[in-house]
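The next block holds one structure in the form of C-alpha cells; read it before the comments.
Just so it is clear, none of the values below were taken in a lab; they were calculated from the coordinates. In this text, all values refer to a predicted model and were calculated from it rather than measured experimentally. Note that we place each Cβ from the backbone using ideal geometry, even for glycine, and neighbour counts take in every protein chain shown.
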Amino acid sequence: MNAANAALRVGTRGSALALAQTTAIANRIGALAGAPVDIIPITSHGDTSRESLSSLGGTGVFASALRESLLAGDCDLIVHSLKDLPTGAHPGLAIGATPKRADARDVLCARDGLTLATLPVGARVGTGSPRRAAQLRSLRPDLEVVDIRGNVDTRLARVGEGDLDAVVLAAAGLGRLGRLDQLAPEFLELSAWPTAPGQGALAIEVREGKADRRLAEALAAINHGGTQATTAAERLVLARLEAGCAAPIGATAVVDDGLLFLTATVYSPDGTRKVTSSHAATPESHSAYHLVEAAKDVAERASRELLAGGAAEFAPLKGTS
C-alpha cells in the first residue's frame, strides 16, 4: 500500500463465513484508508482436512497459512476469527485492531423447534468443539454427542437430512451469514454456557514495523477498546493455563459500569467435573492501556484460582499454580 492508489490486499480463509466477515471489515478499512481492496482467499490445512480439530493440533491450523502469506508479502493484512488465533505472539506479526465484538453466544439449531431442554433422550447433537461437547455432556448426559466437521451449511444440512437432531454453532457466524432470522435457533446464555475465549470477535493481523499511515489510521479507527480488553482477559486465561483447543474452557468478560468482569470455567472432557472462577477489576480509566492492564489482572487471578481448584487434574492443561 505504498502508492496512493494501490489496492489494499486482505487475506482470509475461503469459507463463506470467512469471506463474509472479511469483506465487511475490508470495506470499512478501505473506506477509511481511501483505498480499493482486494480480497485474497487462502486455503489452510484446517479447511481441507476432515480430521477432528483436536487431532489436527489446535486452532492454529486455520491461522498458519494466512500468516505465512502475510509474512511473504502476498497480502497487507489478514482477518481472523479471534477464537481461531493462537494466544502466543507470532514473530514479525502483530494484531493491528480488534473491531467491536458481535454476539458471543452459542446457539442450538435443532429439528422441529426443539430446545436443549426438550431434546429427547438419546438425541444426536453435533459439534466439533471439545468445549461444547463437554458442556452438552454436563447439562444433558443422556444425549449422544457426535464429533463433526464442515462449514455452517454442511452442519445444518445434517440436521435437515435427519442424520443429527441438532447442532451447536456460534451466533456471530450465523449472524454474519444472515441466517439467524431464517433458523430461529435457541440462544444459549453466557451465564450458563460460556463460550470460547474471543468468540464473536475478529482480529486484524499486520506485519510488525512502521505501517502505511492511512492503514494505521484506519485500523485505529475501527479498533474497539472494550472488545480489545474483554477478549484479552479471556485469551490470557487460555494462555496462562497453557490450554490448547482440546481443553474444554469457556470464558466470558464484560466491561460494565466502570468494572471489568471475567468468569472462566474449565470442564472435564466427559462433562462430569468443572471448576469456575470469577473476578473483577476497576480500570484506572477507559483508555485502551488501562483496560488491558485490568484484563491482565483479572485473568491472572482467575487462572490461579482455576488451577488451585484442581482444573489441571481433569482437563488437558499445562499451566501450574
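Structure values in brief
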item: Förster radius 30 Å - calculated FRET efficiency between A280 and A220, Cβ distance, rounded to 0.05; result: 0.60
item: Beta bridges by DSSP in the chain, antiparallel share as percent, to the nearest 5; result: 70 percent
item: Under 26 Å from K318, Cα to Cα: lysines that are on another chain or at least 8 residues apart; result: K83, K274, K296
item: Label zone at D38, where the point sits 7 Å out along the Cα-to-Cβ direction: the range 12-26 residues whose backbone N lies under 20 Å; result: 12-15, 19-20, 22-26
item: Spatial separation of Cα centroids for the range 153-199 and the range 122-148, in angstrom; result: 13 Å
item: Formal net charge of residues neighbouring R132 (Cβ-Cβ distance under 13 Å; K, R +1; D, E -1); result: +4
item: Sites E161 and A117 - FRET efficiency at Förster radius 30 Å, r taken between beta-carbons, to 0.05; result: 0.80
item: Point-to-point label distance, D257-R213, nm (Cα→Cβ direction, 7 Å offset); result: 4.5 nm
item: Options V145, G122, G244, ranked by Cα towards positive dipole end of the range 97-245, top entry (Cβ charges); result: G244
item: Angstrom value of the Kirkwood radius, inverse mean 1/r, which spans all Cα pairs in the chain; result: 20.3 Å
item: For the chain, size of Cβ-based charge dipole, Lys and Arg +1, Asp and Glu -1, in debye; result: 240 debye
item: Hydrodynamic radius of the range 88-240 per Kirkwood, over alpha carbon pairs, in Å; result: 17.2 Å
item: Dipole in debye (nearest 20) - the range 115-208, about Cα centre, beta carbon charges: Lys, Arg +1; Asp, Glu -1; result: 160 debye
